[in-house]
Amino acid sequence: MAEQFDVIIIGAGQAGVPLAGAFARAGRRTALIEASHVGGTCINEGCTPTKTMVASARIAYLARHAGQYGVQTGAIQVDLGAVRQRKRELVTSWRTGSEQRLHHDGVTLLMGTAQLSGPKTVTVTLNAGGTRQFTADTIVINAGTRSSTPDLPGLAEVPFLDSTSIMELDAVPEHLLVLGGGYIGLEFGQMFRRFGSRVTIVQRGARLLAREDGDVADAVAALLREDGAEVLLNTAARRVSRSDNGTIHLTVASPAGEQTLEGSHLLVAVGRTPNSDRLNLAAAGIATNQRGNIIVDERLATNVPGIYAVGDITGGPAFTHIAYDDFRILKANLLEGGSKSTRGRLVPYTVFIDPQLGRVGLGEEEARAQGRTVKIATMPMSYVARAIEVAETRGLVKAVIDAETDQILGFTMLGIEGGEIMSAVQLAMQGGLTASDLRDTIFAHPTLAELLNTLFAQS
């Protein structure tokens, strides 16, 4: 006999957890089903642990460069076990806090694997054993994604790392081979270079971070090379093997021909795969696209009445803050009688290499591809007084401006605290401020925000 709930949420991610709490506090009987850990990718394998380890890597970097500030240090050693333990403690703290809030709100939390068995029915295989069946008029899917595994000959016989397992290493790799030049590969590549590994990044395309403008991507590659990482562009993996002594052999092809790279460890960071294939969506008639992402409208509804999908599984921007905004949309529409949608929302993001890459809105190439008439303002971070004072002059800052209206269409900053300055420009964009407004704003001296005066004076 199926148990009746008002709402069933599949997946305790950054949309599912607050949504479950909101429904429960509103008096709706709510079940939240999670296969592994409360908090989703962000708390357990993404934002929280990776940025914690990035912070440790930055300290190692600063310690090695202390001499330029007049500070003398001895030999720098990295205790990766201690770095890992710090990461684990923070993850546990965040996860426990989320679990406690769910309990306080009266949410029924079930640890197990969920599958649809009808348009309003969910069957759960419990981690502790046994199965249970539930029904609800409202079902929300927040089941997320997982690391993709490429079809690379020999990979099944090689003990490779992904974005989760690499954070469980207790010793610094001698030579880390990184397959993939997206944000995951770059963050880990730079991190382990700073921990002391040799690092080789293999990118199939002509640039790192393919969605960025060419000048930005080139600047990212330059700073990674300056840090001592080897960056191979236009280079495709052909096969991989492991010798008896544990050495990994990755054969790659580039315009110059084939070569075989040798490393102690291999990180595969070639994207994410939606977990929709584990949900038996066909039983409920839920439509997906060719990549397996659940198709939703601008109000996050699927093609089946009463069933919604949020977060990464929809194929939208795969960011925690977007998943949380999905929560806000459903909360407004399903609990507050609103009519919010995803239409027109700005999508900011930060890549936590060092210095950070913060971006919001259109890049130059995107704007020109749309046929817009734009002005471009750009300058190197070496022009920024505050950056010079703290010896952090790597990177650049760039804005895309509508030539007719003076509205800011996009902003990118590769520089110290790039994500924070980007967020300030995002607020200006949302408030309708123009490039001229920021050019003439009085910012405190000497702060990084002053760079906006100089940048927009070019427009």
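The values are calculated or read from the model by the stated rules, or taken from the named source; none is laboratory data. Remember, predicted model here, so these are calculated numbers, not experimental data. Don't worry about glycine lacking a Cβ; one is built from the backbone with ideal geometry, like all the others, and counts go over all protein chains shown.
Quick notes on this one:
- Subset of region 43-52 (residues that are surrounded by 23 or more Cβ atoms within 10 Å (Cβ to Cβ) and either more than 19 Å from Ile141 (Cα to Cα) or out of contact with any Phe, Trp or Tyr (no Cβ under 8 Å at 6 or more places or on another chain) (or both)): Pro49
- Filter pass, Gly292 being surrounded by 15 or more Cβ atoms within 10 Å (Cβ to Cβ), over 23 Å from Gly419 (Cα atoms), small (Gly, Ala, Ser) and not assigned by TED's automatic domain parsing to the domain that holds Arg204: yes
- Selection of first residues in region 200-225 that are hydroxyl-bearing (Ser, Thr, Tyr) and of second residues that are buried (at least 21 other Cβ atoms within 10 Å of the Cβ), restricted to Cβ pairs under 6 Å at least 6 apart or on distinct chains, gives the following pairs, ordered by first then second residue: Thr200/Leu177.
- Of the residues examined, Val17 is not one that is modelled with pLDDT of 95 or more, in a loop (DSSP other than H, G, I, E, B) and out of contact with any His (no Cβ under 9 Å at 6 or more places or on another chain).
- Selection status of Ile184, closer than 26 Å to Asp227 by Cα, of a type in the set (Val, Ile, Thr), touching a residue at least 60 places away in the same chain (Cβ under 8 Å) and surrounded by 15 or more Cβ atoms within 10 Å (Cβ to Cβ): yes
- Index of the failed condition, Gly415 passing every other in (1) among the small types (Gly, Ala, Ser); (2) surrounded by fewer than 18 Cβ atoms within 10 Å (Cβ to Cβ); (3) touching a residue at least 40 places away in the same chain (Cβ under 8 Å); (4) under 19 Å from Asp215 (Cα atoms): (2)
- The sole residue among Arg193, Arg132 that is surrounded by fewer than 18 Cβ atoms within 10 Å (Cβ to Cβ), out of contact with any His (no Cβ under 9 Å at 6 or more places or on another chain) and not in a loop (DSSP other than H, G, I, E, B) is Arg132.
- Residue within region 322-343 that is part of a strand (DSSP E or B) and under 22 Å from the mean Cα position of the chain (by Cα) present: no
- Against the list (1) in a helix (DSSP H, G or I); (2) over 24 Å from the mean Cα position of the chain (by Cα); (3) surrounded by 13 or more Cβ atoms within 10 Å (Cβ to Cβ), the condition Gln68 fails is (3).
- Hey, Gly40 under 26 Å from Gly228 (Cα atoms), at pLDDT below 95 and crowded, with 18+ Cβ neighbours inside 10 Å or not: no
- Of the criteria (1) within 26 Å of Leu186 (Cα to Cα); (2) among the hydrophobic types (A, V, I, L, M, F, W, C); (3) in a loop (DSSP other than H, G, I, E, B), which one Val304 fails: (1)
- When region 21-37 is filtered for residues that are closer than 27 Å to Pro317 by Cβ, surrounded by fewer than 22 Cβ atoms within 10 Å (Cβ to Cβ) and touching a strand residue (DSSP E or B) at 6+ places or on another chain (Cβ under 7 Å), only Ala35 remains.
- Test: residue in region 393-404 that is modelled with pLDDT of 95 or more, touching a strand residue (DSSP E or B) at 6+ places or on another chain (Cβ under 8 Å) and farther than 25 Å from Ala217 by Cα: no
- Considering Ala236, Ala287, the condition of being without any contact (Cβ under 8 Å) to a residue 40 or more places away in the chain and either aromatic (Phe, Trp, Tyr) or closer than 30 Å to Ala57 by Cα (or both) is satisfied by Ala236 alone.
- Inter-residue pairs, beta-carbon under 9 Å, first touching a residue at least 24 places away in the same chain (Cβ under 8 Å) and not assigned by TED's automatic domain parsing to the domain that holds Leu279 and in region 107-119, second surrounded by 17 or more Cβ atoms within 10 Å (Cβ to Cβ) and of a type outside the set (Phe, Trp, Tyr), 6+ apart: none
- Residues satisfying the stated conditions in region 434-459, i.e. assigned to a helix (DSSP H, G or I) and either aromatic (Phe, Trp, Tyr) or at pLDDT below 95 (or both): Phe456
- Answer residue from region 418-449, given it is hydrophobic (A, V, I, L, M, F, W, C) and within 23 Å of the chain's Cα centre (by Cα) and is surrounded by the most Cβ atoms within 10 Å (Cβ to Cβ) among those: Val425
- Scanning region 239-273 for residues that are over 20 Å from Asp151 (Cα atoms) and without any contact (Cβ under 8 Å) to a residue 12 or more places away in the chain returns Ser243, Asp244, Asn245, Ala256, Gly257.
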